[in-house]
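Everything on this sheet refers to the single structure shown next.
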Amino acid sequence: MKKTLSLLLIFFLMVISFDISASIILKKSYRGWKAGVAKINITPDRYIWMGGYASRNHPAEGKVTDLWAKALALED
């Protein structure tokens, strides 16, 4: 879980630093819509206890699909 959070933090810091440098260059040459997208898999590496399931006495037993965090940024 810590590894996933660390990777997520590093990813967003890279996106922010790239966006700042790219926006300086683009402001001089382009006027119009700008868009940015990102996604990262945030599925835990190990099975964990699930909140809201009070009668369970063991962690999750498997997964059906991966969990994804997705972002879309638009600027006009």
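Values quoted throughout were computed directly from the atomic coordinates according to the rules given, and no laboratory measurement underlies them. Only a predicted model underlies this, so the values are computations on that prediction, with no experimental measurement involved. Here the Cβ is made from the backbone with ideal geometry for all residues, glycine too, and neighbour counts use every protein chain on show.
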Problem - Cα→Cβ-extended label distance, 7 Å offset, between TRP68 and LYS34, nm - result: 2.5
Handout entry: Segments 49-59, 4-14 sorted - mean Cβ within 10 Å per residue, highest first
Key = 4-14, 49-59
Problem - Counted charge near THR4, where neighbours are those whose Cβ lies closer than 12 Å (Asp, Glu -1; Lys, Arg +1) - result: +1
Practice task
Beta carbons within 10 angstrom, averaged per residue: use that to sort the peptides 63-71, 39-47, highest first.
Solution key: 39-47, 63-71
